[in-house]
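Asks: Take a look at this one; I'll ask things after.
The values are calculated or read from the model by the stated rules, or taken from the named source; none is laboratory data. Since we're looking at a predicted model, the values are computed, not measured. We place every Cβ from the backbone using ideal geometry, glycine too, and count neighbours over all the protein chains shown. For accessibility, only protein heavy atoms count, side chains too; no ligands or nucleic acids. Shrake-Rupley method; radii C 1.70, N 1.55, O 1.52, S 1.80 Å.
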Amino acid sequence: MGMYILLFIIFISAVFLERIKHHYTHNKQGWKVQKISYKQIDYSEKINEKWQTIKIDANITIGTFEPFFKSKEAWKSYPNWAQNRSLIIERVTKKFPLKDEIRLIGADDDI
């Protein structure tokens with residue numbers, strides 16, 4: 001019984017430490033990307049010590065979670081702080097690669 005309690009405490013501690021690590025990492029880099037549901041990704045930037053967020057559509061296509069970005073024209077509906085479209089797309093696709101890019105992960109350029 002004591003062993004199970006010890007394992008439970010270790011598990012809770014590991015989860016807690018991971019959350020603290022993410023908190024400090026996001027605060028240091030000033031932006032974060034989170035999967036909210038199978039239909040939505042939140043991209044946030046810390047501006048004036050407050051997190052500002054835009055919602056990006058997503059979907060599961062053939063078993064792959066993939067973001068769907070607005071067109072350049074539709075992107076203008078986002079707030080001014082989020083107008084650097086290429087930077088935001090780059091950051092989001094680091095965490096959630098586009099379906100066509102997934103096959104390239106780990107590929108050797110010399111092949």
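Asks: What is the spin-label model distance, in nm, from residue 3 to residue 48 if the labels are put 7 Å beyond Cα along the C-beta direction?
Replies: 5.7 nm
Asks: Next up: Please compare each pair in 35/94; 21/55; 39/70; 28/50 to a cut-off of 18 Å on the Cα-Cα distance and tell me which ones are over it.
Replies: Pairs exceeding 18 Å: 21/55.
Asks: Now for a separate question. Amide H of residue 78: which non-local residues (sequence gap of 5 or more, or other chain) have their own amide H closer than 5 Å, using H built in the peptide plane?
Replies: Answer set, sorted by chain and number: none.
Asks: Order 37, 44, 77 by their accessible area, 1.4 angstrom probe, all chains in place, largest first.
Replies: 77, 37, 44
Asks: Count charges around residue 83 for me, please; just the other residues with Cβ under 11 Å from its Cβ, Lys/Arg as +1, Asp/Glu as -1.
Replies: Net local charge, residue 83 excluded: +3.
Asks: Carbon and sulfur: what percent of segment 10-101's accessible surface (1.4 Å probe)?
Replies: Reported share for carbon and sulfur atoms: 54 percent.
Asks: Out of the GluC sites (Glu not before Pro) in segment 1-83, which ones are loop residues according to DSSP with at most 13 other C-beta atoms within 10 Å?
Replies: Loop-located and lightly packed - 49.
Asks: Ok, one more. Equivalent ellipsoid semi-axes for segment 29-90, as square roots of 5 times the alpha carbon gyration tensor eigenvalues: give them largest first, rounded to whole Å.
Replies: Rounded to whole Å, the semi-axes are 21, 15, 9.
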